[in-house]
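Everything below concerns the one structure shown next.
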Amino acid sequence: MSLYEAHKVEEKWQKKWAKDGLYNTNFEDEDRKKYYNLVMFPYPSGDKLHIGHWYNFAPADSWGRYMRLKGHNVFEPIGFDSFGLPAENYAIKHGIPPAKSTAKNIQYMRKQLQAMGTMYDWNQELSTSSPEYYKWTQWMFLQLYKKGLAYKKKSPVNWCPQCQTVLANEQVQEGKCERCDAEVTKKDLTQWFFKIRNYAEELLNFDGLDWPRKTVLMQKNWIGKSVGSEVVFNITNGENSTQSDKTITVFTTRIDTLFGATYMVIAPEHPLALEITTENHLENVKDYIEKAKKETDIIRSSETREKTGVQTGSFAINPVNGKVIPIWIADYVLATYGTGAVMAVPAHDERDYAFAKKYKLEVIEVIKPKNGESDIEKKAFTEYGVLVNSENFDEMESEEAKEKITEFIKEKGKGDFKVQYKLRDWLISRQRYWGAPIPIVYCEKCGEVPLPEKDLPLELPEGVDFNPKGKSPLATAPDFVNTKCPNCDGPAIREVDTMDTFVCSSWYFLRYPCANNKDKAFDTARVNKWLPVDMYIGGPEHACMHLLYARFFTKVMRDLGFINFNEPFKKLVHQGLITKDSAKMSKSKGNTVAPDEFVEKYGSDVFRMYLMFMGPFTEGGDWNDSGIKGIARFVDKFYDLIYSQQEGKNDDALKRNLHRTIKKVTDDLDKLQFNTVVSTMMEFTNAALKTRIDPDSKRIALQLIAPIAPHLAEELWEYLGETESIFNSEWPGYERELLVDKNIELVIQVNGKVRAKKEVDANIEKDDAIKIAKSLNNIQAHIEGKEIVKEIYVPGKLVNIVVK
RNA sequence: GCCGCGAUGGCGGAAUUGGUAGACGCGCAGGACUUAAAAUCCUGUAUGGGUCACACCAUGUGAGGGUUCGAUUCCCUCUCGCGGCACCA
């Protein structure tokens with residue numbers, strides 16, 4: 001039976017910490033350096049806290065506690081990302097209003113989070129679905145609207161037939177709805193967008209950010225900058241007929257291949273597609289466009305799929321040499337990127353090459369490799385090289401030709417340099433109930449009118465029928481379809497769409513330090529003092545959406561003069577994924593693991609430490625409960641060490657061990673290597689149980705374990721007679737000279753192979769070390785009769801004798 | 001296809017700038033305690049050979065090669081796994 005009663009102790013301290021307000025942040029504290037320690041706030045689903053939450057929050061909390069012990073004024077808030085589809089789906093299924101089920105879930109999760117023993121500042125709790133919060137989300141919308149960063153556009157959008165809602169491209173995973181997994185189709189709708197593209201260039205700059213390289217790379221990829229040129233082609237509807245006034249512009253990164261353009265391809269969705277098609281091709285083209293509409297982007301973009309296309313009967317005139325080339329329509333060209341049209345250079349582009357071979361189109365070589373040969377009869381040559389068949393530009397290198405040719409056509413008014421981004425504007429409208437309503441009204445007289453700020457929040461009406469019927473549920477709310485214009489008081493209707501939940505989560509970190517402010521979204525002075533967030537911990541799945549949107553919002557707020565910093569998150573860390581039998585845990589697979597039963601059995605400290613001990617924090621791992629016993633045993637041993645272990649003499653070995661442990665734990669915590677923090681504490685405990693331990697060393701051991709086992713440490717701290725919380729104590733330092741032992745085990749190698757070990761004085765000189773080495777039997781056996789070529793001595797470590 | 005990351009005992013994993021591979025934990029085996037079990041404690045535990053037992057020897061960090069006195073660590077080639085992006089013009 002263990003002496004340590006985890007449950008009693010954990011409950012005792014959770015109550016006391018709350019009563020004392022230990023973790024309530026003093027935002028005005030000028031003595032300590034501020035530290036904003038943030039985790040990605042949870043979505044309050046009915047599943048309660050799962051292992052993934054624990055794996056994120058518990059180590060993040062340990063990090064916060066460590067920073068506090070290091071003397072920082074740590075602000076560690078928590079809240080709930082409580083708008084969203086699951087609550088709405090739940091409501092549709094069970095008839096319980098989202099507000100109700102959400103409130104219930106939050107209440108339960110709050111309890112679990114408290115039982116975890118985290119140092120959250122509950123005074124600053126927020127949830128995005130409360131009117132006190134979404135009032136300010138709506139305010140944010142109005143700021144972007146006034147700045148011209150919010151606009152409406154009719155566009156083909158992804159439509160999920162099951163959720164009866166629109167999905168952003170970013171939310172479609174493998175052709176399926178990210179949340180419900182239904183096959184996604186297309187539909188034309190008028191939607192609200194945020195102009196995130198205005199910030200594309202600045203969002204590529206990560207200077208001064210301590211982010212995982214991987215995440216930076218992913219965002220850069222997502223934004224997808226390419227530098228190239230635009231070229232304008234005039235259109236003619238017959239090979240020999242006169243030229244029309246129509247033009248098609250293409251974007252290319254390889255204008256050096258312009259002389260090799262032998263045809264043009266436009267996307268089926270290109271606005272001119274039908275217009276330029278001649279009579280005899282019309283039927284064909286219409287057929288093709290219809291087919292393309294039915295294909296999902298995924299099928300269209302499948303690499304293994306054979307390329308298809310149809311001729312329009314029209315021709316384009318290459319501005320550089322007047323060459324007349326046929327215009328085709330093919331679905332391998334996407335309307336959403338660039339201009340929706342490309343010049344095809346089959347000799348130097350693989351896709352164009354495959355297409356040209358299939359439809360027997362001309363291939364003209366215009367780039368030769370600088371060294372060696374290429375064979376365009378066999379495949380396209382896609383690298384840079386030297387121009388041929390390019391008139392005045394012959395013999396020029398690709399790099400130079402890109403500039404010279406662009407300048408040439410620019411003079412003729414047929415093109416220019418151009419930078420293109422893959423990033424699309426952010427589609428924020430949702431035809432859903434459970435989100436923040438968009439504060440816009442449509443007046444018969446005044447048109448589109450933003451709601452005055454004083455009228456916020458525009459509250460979600462109750463009793464709305466939110467069963468999906470292809471329209472926004474709010475279209476059935478009387479207040480929304482029948483309202484007054486704030487301008488002229490005339491009849492008007494409200495916007496019935498709500499906002500993407502990513503809007504809510506794009507600014508919550510600004511709200512936390514002022515979560516109770518009723519007059520402002522955030523307090524400029526406090527936010528400027530407390531942000532950027534010093535540490536942000538959350539899943540890597542948010543690399544391209546949430547983390548990009550949050551950066552965008554921060555930059556917009558800066559440009560509007562509300563804040564004075566450029567980036568929201570100074571340091572970012574992603575926790576790894578916890579799997580079960582190497583598969584992602586999910587309710588549908590039935591392979592979820594409930595943390596509660598383990599917390600019940602062993603206590604939260606043990607569970608927290610076990611999660612940390614499993615492996616490196618950023619790598620995650622496969623859940624297996626067989627090892628948790630080891631942590632429970634360790635906690636008992638550690639408790640015994642502090643509680644029962646007799647005071648021993650403060651001997652030298654213990655002291656050196658202690659200081660080495662301080663250094664190792666400090667270094668590893670700095671790198672968030674919690675797994676080796678646990679094992680280091682185990683080693684120390686095992687050793688100290690043998691040597692006995694003095695009270696001062698006990699206190700230090702408690703401080704070292706406090707970040708990863710807060711209740712245990714606090715309890716024993718009190719037992720040792722301390723009256724202040726251990727989390728108000730100061731992190732121990734170590735003495736450098738105590739890190740090494742007086743004696744070392746010298747390793748002796750012959751030709752790099754270990755042949756003997758010998759305990760010697762740590763400061764032994766090279767000559768003495770080699771002399772001792774050679775005197776050993778086993779070494780003599782290995783060097784006997786051989787010529788010594790070299791003798792290597794690594795101070796304090798090893799001797800290597802090289803023989804021939 | 002491209003980009004990134006990874007591969008170490010039966011298992012999770014550890015290993016400063018290249019310097020004792022396998023820390024710590026789980027599991028397993030043997031022993032102590034117990035009427036017995038659980039719990040706890042002690043000992044052992046990479047593989048093969050060798051020894052009564054040590055000593056000792058060989059092999060060994062996905063595969064093959066290279067650099068080096070010395071490689072889990074650096075370089076090249078390949079295989080497999082994971083994550084991201086993907087007809088991006």
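The values are calculated or read from the model by the stated rules, or taken from the named source; none is laboratory data. Quick caveat: nothing in here was measured; it's all calculated off a predicted structure. Please note: Cβ atoms are built from the backbone with ideal geometry, for glycine as well, and neighbour counts cover all protein chains shown.
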Scanning region A:629-672 for residues that are within 11 Å of RNA strand B (Cβ to nearest atom) and among the polar types (S, T, N, Q) gives none
Where residues in region A:377-418 are touching a strand residue (DSSP E or B) at 6+ places or on another chain (Cβ under 8 Å) and of a type in the set (S, T, N, Q), which of them is nearest to A:I248 (Cα to Cα)? A:T406
Inside region A:177-218, can you point out the residues that are part of a helix (DSSP H, G or I), modelled with pLDDT of 90 or more and closer than 16 Å to A:H546 by Cβ? A:I196, A:Y199, A:L203
Among the residues of region A:358-381, how many are free of Cβ contacts under 8 Å to residues at least 24 places away in the same chain and either loosely packed, with under 13 Cβ neighbours inside 10 Å or touching a Ser or Thr at 6+ places or on another chain (Cβ under 8 Å) (or both)? 9
Can you find a residue in region A:679-697 that is over 26 Å from A:E11 (Cβ atoms), surrounded by fewer than 24 Cβ atoms within 10 Å (Cβ to Cβ) and in contact with a Lys or Arg (Cβ under 6 Å, 6 or more places away or on another chain)? yes
Which pairs have Cβ atoms under 8 Å, sit 6 or more apart or on different chains, and link a residue in region A:221-232 that is under 15 Å from A:E202 (Cα atoms) to one that is modelled with pLDDT of 90 or more and within 6 Å of RNA strand B (Cβ to nearest atom)? A:S226/A:T253
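Residue-wise test of (1) within 10 Å of RNA strand B (Cβ to nearest atom); (2) under 23 Å from A:N237 (Cβ atoms); (3) in contact with a helix residue (DSSP H, G or I) (Cβ under 6 Å, 6 or more places away or on another chain); (4) at pLDDT 90 or above.
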site	(1), (2), (3), (4)
A:R300	yes, no, no, no
A:T304	yes, no, no, no
A:K307	yes, no, yes, no
A:S314	no, yes, no, yes
A:P319	no, yes, yes, yes
A:A330	yes, yes, no, yes
A:A335	yes, yes, no, no
A:V345	yes, no, yes, yes
A:D349	yes, no, no, no
For residues that are away from RNA strand B (no atom under 16 Å from the Cβ) and part of a strand (DSSP E or B), tally how many sit in region A:544-582. 2
In region A:673-684, residue farthest from RNA strand B (Cβ to nearest atom) [restricted to those that are under 27 Å from the mean Cα position of the chain (by Cα) and of a type outside the set (A, V, I, L, M)]: A:F674
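Could you tell me which residue of region A:212-224 is farthest from A:Q311 (Cα to Cα), considering only residues that are near RNA strand B (Cβ under 9 Å from one of its atoms) and among the basic types (K, R)? Please lay out each step first, then the result.
Going residue by residue through region A:212-224, those that are near RNA strand B (Cβ under 9 Å from one of its atoms) are A:212-214, A:217-218, A:221-222, A:224.
Of the ones still in play, those that are also among the basic types (K, R) are A:213-214.
Details: A:R213: 45, A:K214: 43 Å.
Going through the qualifying residues, I end up with A:R213.
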Quick check: is even one residue across region A:418-430 farther than 30 Å from A:Y134 by Cβ and small (G, A, S)? no
Going through (1) at pLDDT below 90; (2) more than 30 Å from A:K422 (Cα to Cα); (3) in a helix (DSSP H, G or I) one by one, A:E541 fails only at (2)
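Are any of the residues in region A:360-376 part of a loop (DSSP other than H, G, I, E, B) and within 13 Å of RNA strand B (Cβ to nearest atom)? Steps first, please.
First, pick out the residues of region A:360-376 that are part of a loop (DSSP other than H, G, I, E, B): A:360-366, A:369-376.
Next, only the ones that are within 13 Å of RNA strand B (Cβ to nearest atom) stay: none.
Within region A:360-376 (the criterion being part of a loop (DSSP other than H, G, I, E, B) and within 13 Å of RNA strand B (Cβ to nearest atom)), the answer is no, since none of the residues qualifies.
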When you go through (1) near RNA strand B (Cβ under 9 Å from one of its atoms); (2) surrounded by 14 or more Cβ atoms within 10 Å (Cβ to Cβ); (3) hydroxyl-bearing (S, T, Y) one by one for A:S626, which number turns out not to apply? (2)
Can you tell me which condition A:Y610 does not meet? The list is (1) hydroxyl-bearing (S, T, Y); (2) near RNA strand B (Cβ under 8 Å from one of its atoms); (3) under 20 Å from A:Q575 (Cα atoms), and all the others hold. (2)
Residues to consider are A:E597, A:E619, A:E567; find the one that is of a type outside the set (S, T, Y) and without any contact (Cβ under 8 Å) to a residue 40 or more places away in the chain. A:E597
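When you scan region A:697-803 for strands (runs of 3 or more DSSP E) that lie fully inside it, which ones turn up with 1 or more residues that are over 25 Å from A:N675 (Cα atoms), of a type in the set (K, R) and touching a strand residue (DSSP E or B) at 6+ places or on another chain (Cβ under 9 Å)?
Details: elements: A:743-750, A:753-761, A:788-794, A:798-803.
Ranges flagged: A:753-761, A:788-794.
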Give me a count of the residues in region A:346-382 that are within 27 Å of A:I266 (Cβ to Cβ) and of a type outside the set (A, V, I, L, M, F, W, C). 15
If I filter region A:317-325 for residues that are surrounded by 17 or more Cβ atoms within 10 Å (Cβ to Cβ), at positive phi and either touching an Asp or Glu at 6+ places or on another chain (Cβ under 7 Å) or outside any loop (DSSP other than H, G, I, E, B) (or both), do I get at least one hit? no
Would you tally the residues in region A:464-494 being in contact (Cβ under 8 Å) with a residue 12 or more places away in the chain and assigned to a loop (DSSP other than H, G, I, E, B)? 14
How about region A:32-52: which of its residues are touching a helix residue (DSSP H, G or I) at 6+ places or on another chain (Cβ under 8 Å), surrounded by 19 or more Cβ atoms within 10 Å (Cβ to Cβ) and not in a loop (DSSP other than H, G, I, E, B)? A:Y35, A:Y36, A:N37, A:L38, A:V39, A:I51
Given the residues A:K797, A:K766, A:K774, A:K753, which is the only one that is touching a Phe, Trp or Tyr at 6+ places or on another chain (Cβ under 6 Å) and over 30 Å from A:R32 (Cβ atoms)? A:K766
Out of (1) surrounded by 18 or more Cβ atoms within 10 Å (Cβ to Cβ); (2) under 26 Å from A:D416 (Cα atoms); (3) not polar (S, T, N, Q), the odd one out for A:Y384 is which? (1)
